[in-house]
Amino acid sequence: MYFLGLDIGSSSVKLAVINGETGERVVGATYPPQEMTISAPQSDWAEQSPEAWWDAVRQGCAQMWAEHPEAKDKIGAIGISYQMHGLVAVDAQGEVLRPSIIWCDSRAVATGEKAFEELGKDWCMEHLLNSPGNFTAAKLRWVQENEPDTYAKIDKILLPGDYIAYKLSGECTTTASGLSEGVFWDFAENKPSEKLLKHWHIDPSLLAKQVPNLGVQGEVNEQAARELGINAGAKIAFRAGDQVANAMSLNVLEPGDVATTAGTSGVVYTVTDKNIADPDQRINTFRHVNKGEAEVHKGLLACINGAGRMNSWLRGVLSAGGEVSYPKLNELGESVKPGSDGLNVYPFGNGAERIMRNKLLSAQMDGLDLNRHSVNHIARATQEGVAYAMNLGFDLIKGLGAETRVVRAGHSNMFLSPIFSSAFVNLTGAPLELYQTDSAEGVARAAAWGCDYYTSREDVFRTLTRKAILEPEAALQSRYQELYGHWREAVERRLAEAR
């Protein structure tokens with residue numbers, strides 16, 4: 001039996017098929033070949049078409065079956081990873097009513113902050129473990145207040161992964177982890193928050209039926225089977241937001257395990273068995289995924305919206321005169337010493353940053369000397385700036401009392417760069433395990449577990465391949481901590497000025 005993994009990102013959709021018997025990857029695809037469009041009808045808005053995600057799934061499947069036609073008839077179950085915090089609104093016929101308000105959209109910041117004050121900080125910290133903030137629930141409230149005609153037509157609200165599951169099965173469903181990432185979940189009551197919904201006059205019937213994150217959630221119907229070229233009846237057996245799914249992919253399931261990624265956004269995600277709430281709301285807490293409900297773990301998440309986006313912006317600017325690859329950026333930066341000769345980059349230009357108390361700080365370069373600095377310095381300073389920002393998240397998580405025993409990442413995105421990887425390891429002071437996997441492959445494995453093809457955690461991860469362990473170096477660690485101290489002081493000054 002084969003298993004299909006779908007990773008629904010804001011840049012592209014990644015797909016992978018694994019052979020359940022061997023645990024090995026059979027085929028994969030990414031669609032579209034160029035980054036998907038993010039629409040910004042107004043400043044600080046970010047929207048995408050949910051139909052475009054589904055089209056990318058269809059096109060990606062077609063690419064894989066062209067390469068391995070025998071695989072399409074063997075798909076037994078599907079796992080879904082997806083961009084977190086998005087809002088998809090559908091009517092009673094399942095038609096999308098408006099473009100999805102996605103994760104990096106900042107329009108609902110004031111809406112969520114107002115509710116935080118009105119509901120009470122202490123209650124929110126105890127029950128939601130978060131401020132309503134700029135999450136899915138606040139985005140729904142924004143639609144209610146600003147687009148009442150659209151709101152009146154809503155039958156169900158879905159997260160991006162819920163929408164893909166709906167297209168596969170024809171059923172609107174969601175998960176506890178998904179509801180928590182939307183800040184609909186009451187951790188004290190272990191159910192959707194009646195108080196939050198009542199406060200915002202949201203009918204609880206707008207929430208879809210709850211199914212397990214890990215376990216059979218539904219089956220592929222005849223229409224979806226025709227569109228994807230697979231057999232009807234394949235199980236949908238795993239679904240989680242991208243950072244929860246990334247942790248699952250890396251076998252990050254126990255308290256003290258840490259997963260990190262540096263794609264469009266940069267994330268540090270730590271598993272804990274404690275109900276930890278950050279009163280400053282720079283770190284957020286969501287439900288993690290476990291097999292069964294005997295012990296409910298949480299994930300502490302530090303997110304930097306502008307991580308890989310900062311690096312891709314630089315690549316785009318430099319490519320105006322001809323294509324510049326990411327390996328070329330690494331090559332340029334490697335000619336410069338750590339610290340980039342005093343040039344600093346602050347990668348906060350991709351929407352309101354939770355880690356910066358939902359402030360819009362913008363991306364900046366500081367200390368640019370036109371007589372001393374070249375594009376090589378900018379290339380290195382950009383990657384170091386992202387590493388500094390991610391280390392800030394790491395520090396904030398540790399400051400809340402969470403364990404950080406093991407740090408794991410996929411050998412992909414910015415972790416392909418020796419500059420970035422070295423800076424990250426020497427800033428955190430923690431050894432980093434790099435694995436040859438990605439979320440699409442990881443959720444395919446999780447789907448095999450969710451439908452009980454695999455019956456143990458050992459079965460799921462037996463072929464997860466560790467590519468390298470990177471250790472801190474004393475001299476570099478000392479140098480980067482010094483540089484980080486100055487960088488953080490500058491960031492905190494900007495944050496104070498932005499209040």
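The values are calculated or read from the model by the stated rules, or taken from the named source; none is laboratory data. Not measured: the values here are computed from a predicted model. Backbone-built Cβ (ideal geometry, glycine too); neighbour counts: all protein chains shown. Protein only, heavy atoms only, side chains kept; ligands, DNA and RNA dropped before computing areas. Shrake-Rupley method; radii C 1.70, N 1.55, O 1.52, S 1.80 Å.
For the reader, a short list of remarks on this structure follows.
- One residue from N311, N305 being under 22 Å from L427 (Cβ atoms) and modelled with pLDDT under 95: N305
- Hits in the range 55-70 - residues which are of a type outside the set (D, E, K, R) and open to solvent by 10 Å² or more (accessible area, probe 1.4 Å): Q59, A62, Q63, W65, A66, H68, P69
- Filtered residues of the range 169-227 (kept if polar (S, T, N, Q), closer than 26 Å to N290 by Cβ and either open to solvent by 10 Å² or more (accessible area, probe 1.4 Å) or part of a strand (DSSP E or B) (or both)): S169, T173, T174, N190, Q210, N213, Q217
- A single member of D73, D105, D44, D91 is open to solvent by less than 10 Å² (accessible area, probe 1.4 Å) and among the charged types (D, E, K, R), and it is D105.
- Test: A62 is more than 24 Å from L301 (Cα to Cα) and more than 22 Å from the chain's Cα centre (by Cα): yes
- Inside the range 323-356, residues that are without any contact (Cβ under 8 Å) to a residue 24 or more places away in the chain and either under 25 Å from S39 (Cα atoms) or of a type in the set (S, T, N, Q) (or both) make up a count of 3.
- Residues of the range 52-100 classified as in a helix (DSSP H, G or I) and not small (G, A, S), total: 16
- Long-range neighbours under 8 Å by Cβ, at least six apart or interchain, first residue farther than 14 Å from G161 by Cα and touching a residue at least 12 places away in the same chain (Cβ under 8 Å) within the range 189-215, second open to solvent by less than 20 Å² (accessible area, probe 1.4 Å) and among the charged types (D, E, K, R): P192/D186; S193/D186; K195/D186; L196/D186
- Among the residues making up the range 405-458, those that are surrounded by fewer than 19 Cβ atoms within 10 Å (Cβ to Cβ) and of a type in the set (S, T, N, Q) are S412, Q436, T455, S456.
- Considering only residues in the range 487-499 that are out of contact with any helix residue (DSSP H, G or I) (no Cβ under 9 Å at 6 or more places or on another chain) and either farther than 17 Å from E384 by Cα or without any contact (Cβ under 8 Å) to a residue 24 or more places away in the chain (or both), the one that is surrounded by the fewest Cβ atoms within 10 Å (Cβ to Cβ) turns out to be R499.
- Matching residues in the range 101-128 - criterion: being in contact with a Phe, Trp or Tyr (Cβ under 6 Å, 6 or more places away or on another chain) and assigned to a loop (DSSP other than H, G, I, E, B): D105, R107, A108
- Residue satisfying all of: in the range 262-303; closer than 17 Å to H85 by Cα and β-branched (V, I, T); surrounded by the most Cβ atoms within 10 Å (Cβ to Cβ) among these: V268
- Scanning the range 313-327 for residues that are assigned to a helix (DSSP H, G or I) and over 13 Å from T382 (Cβ atoms), we see that the one that is nearest to the chain's Cα centre (by Cα) is P327.
- Residues of the range 232-250 that are in a loop (DSSP other than H, G, I, E, B) and either at pLDDT below 95 or open to solvent by less than 10 Å² (accessible area, probe 1.4 Å) (or both): A234, L250.
- Test for A16: is it outside any loop (DSSP other than H, G, I, E, B) and either under 21 Å from the mean Cα position of the chain (by Cα) or surrounded by fewer than 19 Cβ atoms within 10 Å (Cβ to Cβ) (or both): yes
- Neighbours by Cβ (under 6 Å, 6+ apart or cross-chain): first from the range 19-38, aromatic (F, W, Y); second open to solvent by less than 30 Å² (accessible area, probe 1.4 Å) and modelled with pLDDT of 95 or more: Y31/V13; Y31/A56; Y31/G60
- Test: residue in the range 145-153 that is open to solvent by 40 Å² or more (accessible area, probe 1.4 Å), among the charged types (D, E, K, R) and within 28 Å of I80 (Cα to Cα): yes
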